[in-house]
Amino acid sequence: LRLCGVSGTLVECRDELARIYGRQVFTVPLRRTSRRRLLRSRVFTRQRAQYNAVVARIAELHGRGQPVLIGTNSVSESEALSRALAASGLRHTVLNARQDRDEAHIIPAAGSKGAITVATNMAGRGTDILLDAGSGEAGGLHVICCQQNTARRIDRQLIGRSAPQGHPGSAETYIALDGPLLAHHWLARFLRICTRGGEMRHSWLGALALNLAQRAKERSEKTERKLLLRREEESGNWFAFSGREH
């Protein structure tokens, strides 16, 4: 009789929710003013250069006591980044599908002063990252998004781990043009050809390529969900004659 829900990332799919469920999406004002600082995206032609820059950035933040949460696409990528951190002598914690029993304990500790946590997309969902006194003074949790998610709302879910409830925090995105989502995108291929390795000077072009790729994937997945719903409705009509079992 009643259908409702609450989420921090429903704005991007409000049209689909209205069409399928007949529900409107309303934006609720924040209880406390956000103190999150969003830094500019950094774009690299190769994933290896991206990881090298991420490790250098983590070392910089760790040196001043700021906790860091790094989001990766997969278990293999989280472990590759873990090896790079270990080679640089940076102590850290990895949270992926192999640590599912301990994630409720790992994620809260990610807000401790100087903590470094490498996580996959689904890891630690629904667990608050609380800051201790030292990490708050150092600038709060810093989120580095190394993922290439298929939807913009998933990016916001990761970035939203930083600076909740008016706490300090910051976030930035590192983009690799040869990553899983961009490897075959026309604009990313063009940028790789025109750029001789390393970091791109005009990062907005890489961010544009990621945005275009995400929007294309969102449209594709929306069409797939629409077709699936239509098949379910057709199946329901076909078997409606069977009636109820007694």
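The values are calculated or read from the model by the stated rules, or taken from the named source; none is laboratory data. All values reported here derive from a predicted model rather than from experimental measurement. Neighbour counts are summed over all protein chains in view; Cβ atoms, including those assigned to glycine, are modelled from backbone coordinates with ideal geometry. All accessible areas refer to the heavy atoms of the entire protein, side chains included, with ligands and DNA or RNA removed. Shrake-Rupley method; radii C 1.70, N 1.55, O 1.52, S 1.80 Å.
If the chain linking S88 and W238 were pulled fully straight, counting 0.36 nm for each residue of separation and taking away their Cα-Cα distance, it would gain 47.8 nm. Build a GNM of the chain with springs between Cα atoms under 10 Å apart, and of T72, T223, T117 the one that fluctuates most is T223. Peptides 141-153, 11-23, 28-40 ranked from most to least packed by the mean count of surrounding Cβ atoms within 10 Å: 141-153, 11-23, 28-40. Note that the range 53-67 has calculated 3J(HN,Hα) couplings of 5, 5, 4, 5, 5, 4, 4, 5, 5, 4, x, 9, x, 7, x Hz, one per residue in order, obtained from phi through the Karplus relation 6.51 cos²θ - 1.76 cosθ + 1.60 (θ = phi - 60°); glycine and proline are x. What translational D, rounded to a whole number of µm²/s, comes out for the range 8-121 from Stokes-Einstein when the hydrodynamic radius is the Kirkwood one over Cα pairs, at 10 °C and 1.306 mPa s? The calculation lands on 95 µm²/s. Amide H contacts for H142 (H built 1.01 Å from N in the peptide plane; partners 5 or more residues away or on another chain; cut-off under 5 Å): V68, L69, S170. In a reduced charge model with +1 at each Lys and Arg Cβ and -1 at each Asp and Glu Cβ, the chain shows a dipole moment near 680 debye about its Cα centre. Near the amide H of V94, within less than 5 Å, lie the amide hydrogens of V118, all on another chain or at least 5 residues away, with H placed in the peptide plane. 3J(HN,Hα) along the range 161-167, derived from phi through the Karplus expression 6.51 cos²θ - 1.76 cosθ + 1.60 where θ = phi - 60°, amounts to 5, 8, 6, x, 6, x, 6 Hz, with x in place of Gly and Pro.
Working ranking of peptides 170-178, 45-53 by packing, defined as the average number of other Cβ atoms within 10 Å per residue, highest first, is 170-178, 45-53.
Using R₀ = 30 Å, calculate the FRET efficiency as 1/(1 + (r/R₀)^6) where r is the Cβ-Cβ separation of A133 and E79; round to 0.05. With a Förster radius of 30 Å, E is 0.40. Taking Cα centre as origin and charging only the Cβ of basic (Lys, Arg, +1) and acidic (Asp, Glu, -1) residues, the dipole magnitude of the range 104-237 rounds to 520 debye. Bridgeable aspartates and glutamates around K113 (alpha carbons under 13 Å apart, same-chain partners fewer than 8 residues away excluded): D132, E137.
Under the convention that each Lys and Arg Cβ holds +1 and each Asp and Glu Cβ holds -1, the size of the dipole of the range 1-98 around its Cα centre is about 380 debye.
Between the C-alpha center of the range 18-74 and that of the range 107-185 there is a gap of 5 Å. Beyond 11 Å, what share of the Cα-Cα pairs of the range 137-178 is found? Please give it as a whole percent. Roughly 65 percent, once rounded to a whole number. Our helix-only sum for the chain, with -39,500 (n - 2.57) per DSSP H run of n ≥ 4 divided by its residues, gives a mean residue ellipticity at 222 nm of -13000 deg cm²/dmol.
Rg and Dmax, both from the Cα atoms of the range 62-217 and both in Å, are 16.1, 47.
Over the range 39-185, what is the relative contact order in whole percent, taking alpha-carbon pairs under 8 Å and six or more residues apart? Each step should come with its number before you reach the end.
On the way: 286 pairs, mean separation 47.3, N = 147.
Relative CO of the range 39-185 lands at 32 percent.
Rolling a 1.4 Å probe across the protein heavy atoms gives the chain an accessible surface of 61 Å² per residue. Residues of the range 140-181 with an amide N closer than 18 Å to a point placed 7 Å from the Cα of R40 along the Cα-to-Cβ direction: 145, 171-177.
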